[in-house]
Each structure stands twice: as structure tokens, then as C-alpha cells.
Amino acid sequence: MSLLKCRKCGEMFSDSYKSCPFCAEDEEYYNGKVKKRNHRRMEQKPKAPSIVGPLLVLVIILIIAAAVWAIFGDGIKEWIDGRPGVEHVDPQPGHNDDDQQQGDDVVLEKKLTLNKSVLMLSPGSSEQLSVTGGAEGEEYVWQNSDPAILTVSEDGKVTAIAEGSAVVTVTCGDESAVCAVTVKENVESDDPVIDDPTPPTPVDTKVDLSKINITVPLYGTSLSKIEDGKFDVSLGKGESFGLEVTGTDVKPAWSVANSSIATVSSDGTIKGITSGETTITAKLNNTNVEIIVRVK
């Protein structure tokens, strides 16, 4: 016995059949004569759907959405909210920084000031300084430039020790204020006292300004002369040296316009206190010699 292959359905069948039994069965089934007993061929099972494709599409969509938000996010938020976005604007010149609003809280900052910028004391006497302003919540810190001349307590009480000049500084945060203190004997009032000793020469002694020079014996130099009777000098904060008037026999009486910037003693010793510019005057009888002092 051998097998034959049907040219119509392609099935193999025994040569004992005259014709393909499978085709005969199909013909009888379609004619309604018999029911098929079973399928001759195995039906191919459908493959399970894969989630790789949809997942990849979702990832690509998320990446595109993130890029769009990074580029156009602000515009999208404005469109959603229906109002323009808030733009941060730096304060313009002239803006009052005394009151700065942070969130819902207001932080008050006022300029730090002392009740006195100049103080005259005699050895052993005391004076209470008071301070206003500064950043709210910050502590006041008191400092003294020369502990040998005076002391200052944590609440601003100044006590004179010996004759001389010193500067009391109070700080609060980034703000600071100063008081120039002069200690000398026989101080009767709190008003600034300008040294004005009686000239040892007759009042009618004439002074020729063209002959006047101001020297600095410590450095062996002279001050720059702007014009007759007017000079110029620069010094640093805390720096001091003596001045001497030459070209006359009249003893000068020294005074300063603003002792919070620089001080001058009766013997002509000047000292820089804070940065700024002021004028020191050497009075020679009825003639004044001016020195522009620049403290750096």
C-alpha cells in the first residue's frame, strides 16, 4: 500500500481509495448529507496582543509633552489662568527700602542714629548714649576705638578715663553710627568745645598768608598748598599726626567744622574718625588758615 496526494485538497490518502476520501467527505458535508467529524487541519491559534507598541507610543507622547511644557509652560499657564504672568521687577532708584515686604510679613528697617554725634566729657564723668533705628530684631553692638581714653557699656553708657579723643561706634546688622568723644578737664557742658587759647602775641600782630605753611613734623613734610591760607591733607580712619604752622609767631587756635569726621587738639594733632570731608581752621589772631581734610 502506498500514499497518494490529492491534487485538489493536497491531503495524502491510501491508494486503496479510488478517489480522495477527504474531498468526498467535504462534498457530502456541503450537500448536507453528513456532518464533519472533526477538522482535518489544526487551526492556528491567534497570537496574544503585545503591549510593547502602545507602551512605546505612550512614552513618546510623554516626552513630547514634557518638551512642550518646558518651552511654552508659562504661556500655557497664562492662557489657563486667563491673566498675565507676574514678572519680577527690581526696585527702581528712589525706592524706599525702609519698609520691605516679604510674603505676608513686613520687616521694618530704619537708619541707625545716635542721640549725639559729638560728646565732651571730663575724666571720671559718664554720659548715656541712646540709639534708634536699625533692623528689627537685631542687637546693638557697642565698640570703643581707645579703651585707654574711655569705656562704653553694652547699653551705650560712656565713661571717661583720661584726656584724649576716641570714637564710640554702635552697629546693628549692616547699619552703624558713630559718636566722637573728647575727654578733657573742666568740661562744664555737653556742647562741643572748640579750643581757643589766648594768643601769646599782641592782637594787632599782622599775619602774611603768603608766608604761612603747614608742616607735618612726624613725616618731615608739608601740606599741599591750594592758595594762600588754604591747604589740603588726606589721612585714613584712625590715623593721627601733628600739624605745625610756620611763617608767623602767632600761636594758632585750632577748630574743626565736623568732629565726627576728624578731630583736632589744641596742639594741632588731627585724627581721622570716619570717611568724609571736613575743614580744620587755624585761627591766627583775626586771620584764618583753612585745611581741607579728607578722611578715607
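The values are calculated or read from the model by the stated rules, or taken from the named source; none is laboratory data. A quick note: this is a predicted structure, and the numbers were derived from the prediction, not measured. Every residue, glycine among them, receives a Cβ derived from its backbone with ideal geometry; neighbour counts consider all protein chains shown.
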Inset, instruction - Return the residue satisfying two criteria in turn: it lies in segment 264-280 and is over 25 Å from Leu209 (Cβ atoms) and touching a residue at least 40 places away in the same chain (Cβ under 8 Å), and of such residues it is nearest to the chain's Cα centre (by Cα). - result: Thr274
Legend entry - strands (runs of 3 or more DSSP E) enclosed by segment 112-160 - at least 1 residues per element that are touching a Phe, Trp or Tyr at 6+ places or on another chain (Cβ under 7 Å) and under 24 Å from Lys271 (Cα atoms): 150-152
Legend entry - Qualifying positions in segment 225-254 - under 39 Å from the mean Cα position of the chain (by Cα) and either on the phi > 0 side of the Ramachandran plot or among the hydroxyl-bearing types (Ser, Thr, Tyr) (or both): Ser234, Gly238, Ser240
Inset, instruction - Report the residue count in segment 163-182 for those that are at pLDDT 90 or above and assigned to a loop (DSSP other than H, G, I, E, B). - result: 1
Inset, instruction - Can you tell me which residue among Asn288, Asn258 is in a strand (DSSP E or B), modelled with pLDDT under 95, not assigned by TED's automatic domain parsing to the domain that holds Val178 and not small (Gly, Ala, Ser)? - result: Asn288
Inset, instruction - Can you tell me which residue among Lys251, Lys237, Lys283 is in a loop (DSSP other than H, G, I, E, B) and either without any contact (Cβ under 8 Å) to a residue 24 or more places away in the chain or under 15 Å from Ile212 (Cα atoms) (or both)? - result: Lys251
Inset, instruction - Say whether the condition of being loosely packed, with under 12 Cβ neighbours inside 10 Å, under 30 Å from Asn186 (Cβ atoms), more than 30 Å from the chain's Cα centre (by Cα) and at pLDDT 55 or above is met by at least one residue in segment 105-119. - result: no
Legend entry - Flag if Leu56 is modelled with pLDDT of 80 or more and surrounded by 10 or more Cβ atoms within 10 Å (Cβ to Cβ): yes
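Table: residues versus (1) touching a Lys or Arg at 6+ places or on another chain (Cβ under 8 Å); (2) more than 26 Å from Ala166 (Cα to Cα); (3) outside the structural domain of Val152 (by TED's automatic domain parsing); (4) at pLDDT 90 or above.
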residue: Pro192; (1), (2), (3), (4): no, no, yes, no
residue: Asp196; (1), (2), (3), (4): yes, no, yes, no
residue: Pro202; (1), (2), (3), (4): no, yes, yes, no
residue: Gly238; (1), (2), (3), (4): yes, no, yes, yes
residue: Asp267; (1), (2), (3), (4): no, no, yes, yes
residue: Lys271; (1), (2), (3), (4): no, no, yes, yes
Inset, instruction - Name the single residue, out of those in segment 25-53 being surrounded by 10 or more Cβ atoms within 10 Å (Cβ to Cβ) and not in a helix (DSSP H, G or I), that is modelled with the lowest pLDDT. - result: Arg40
Inset, instruction - Residue by residue through segment 205-224, note down the ones that are more than 30 Å from Ala166 (Cβ to Cβ) and either surrounded by 14 or more Cβ atoms within 10 Å (Cβ to Cβ) or modelled with pLDDT under 90 (or both). - result: Thr205, Lys206, Val207, Leu209, Ile212, Asn213
